[in-house]
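Data first, discussion second: the structure below is written as structure tokens.
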């Protein structure tokens, strides 16, 4: 049995009932096998893989808060501080009923490699709660955030751990969290990213993951002597990532014809009118089905199945494992040529393998959606220097980071004779930097 297989079996045995974490570890270890085999004796002696797959620290805590009826509610809170070899822990906070320790471990593990790929000095972490902000009043959200941060503030800091937003944690939640951190610690520092512009936030941060995804997509199609202009796209989800991927794709001449939320999907053959989507999702916090009521010729379909719509490019930007084998078979039959992940691991392992085996150019989320964390790190830079960069400055830096990531991934795939396998390329390029730092720092 190979070293990577031994470590994977150990992960499954020691972390039962955490399928998303198992999936993420297996995908990474399988693609790293070519690298590990060349250095197996050294890596075994130093237990590099055992240390890589085990979080440095997991903080778990209860979050009591009072709802608008005066009833005390209790949620679970977590922070997984996975790896700090190349910098302070960095990764989002997710507030969603599906959150559990296994999902946060998968996200934190992926974050190690994503953050490494940016070239910026940030380690990997993730956190969150099973609290659901949907349907809660602003006062209830504030009460929860203040209770959550009262405990979390003991374990984070500008040079220790810098959380950001994720699903369910937007500008409102970051504001409440930051206010409570400042109140608890008496420090005005860049401890959270995604902050409002009036108190240390960065321009382009809201747009960053979506913009970065399309910048990556643009490099992918250019490498195939192709262009986004004139292509038909599907973008799943309807949060920040999806909205700003649609915006940037339209700027580059693409036509996005479908989006979705957890209830169903809309199809507009004339191209999604983003101002209406923004009004529904960002202003009214409504459901995507309202789009069909407001736009002539648009249709809404309840449930899943957005992949049945014909497209050239598919950008999954909703949640993990949303795109399975049956779905990608339909996409390929309908002529889809490019898939780039805007969410974290939205494509199942079987679907990923099938896409690559059937000529689809595929870019995994740890590379394609790194624009968000890259811009978070740029926000940290601005906070440390007490500066505020223009939107153009941040956007230019973001664009260059995404171009650089593409070339790191492409180069790694070529060096190991797997040209075009961007899953392996992303894992290898991310791993190389982290393992070098781990070895240099000794047994820690």
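Structure notes:
- Largest first and in whole Å, the equivalent-ellipsoid semi-axes of the range 55-189 read 25, 16, 12, each the square root of five times a Cα gyration tensor eigenvalue.
- Relative packing of 101-110, 327-336, 250-259, which averages over residues the other C-beta atoms within 10 Å, highest first: 101-110, 250-259, 327-336
- Alpha carbon convex hull of the chain, projected area averaged over orientations, nm²: 20.8
- In terms of other Cβ atoms within 10 Å, 236, 150 run from fewest to most in the order 150, 236.
- Overall form of the range 208-368 per C-alpha gyration tensor (a/c, 1.5; a/b vs b/c): prolate
- Its Cα gyration tensor gives the range 1-54 an equivalent ellipsoid; the semi-axes, largest first and in whole Å, are 19, 11, 8.
- Antiparallel bridge percentage (DSSP; both residues within the chain; nearest 5): 50
- Rounded to the nearest 0.05, the FRET efficiency derived from the C-beta distance between residue 51 and residue 98 at R0 = 30 Å is 0.60.
- Choice from 117, 197, 233 showing the highest fluctuation, given a GNM over the chain with Cα pairs closer than 10 Å: 197
- Relative contact order (%) - criterion: Cα under 8 Å, at least six apart; region: the range 1-54: 49
- Stretch gain in nm, segment residue 14-residue 189, where the contour uses 0.36 nm per residue and the Cα spacing is subtracted: 59.3 nm
- Sorted fewest first by neighbouring Cβ atoms within 10 angstrom, 438, 345, 1 come out as 1, 438, 345.
- Residue with peak Gaussian network fluctuation, the chain [Cα springs, cutoff 10 Å], from 425, 135, 125: 135
- Shape analysis of the range 328-444 places it in the oblate category; the axes a ≥ b ≥ c from the Cα gyration tensor give an a/c of at least 1.5, with a/b not above b/c.
- Peptide ranges 219-227, 48-56, 79-87 listed from the most packed, as the mean C-beta count within 10 angstrom indicates: 79-87, 48-56, 219-227
- Annotation: the residues 307, 389, sorted from fewest to most other C-beta atoms within 10 Å of their own C-beta, follow the order 389, 307.
We did not get these values from a lab; they are worked out from the coordinates using the rules stated. In this text, all values refer to a predicted model and were calculated from it rather than measured experimentally. Neighbour counts are summed over all protein chains in view; Cβ atoms, including those assigned to glycine, are modelled from backbone coordinates with ideal geometry.
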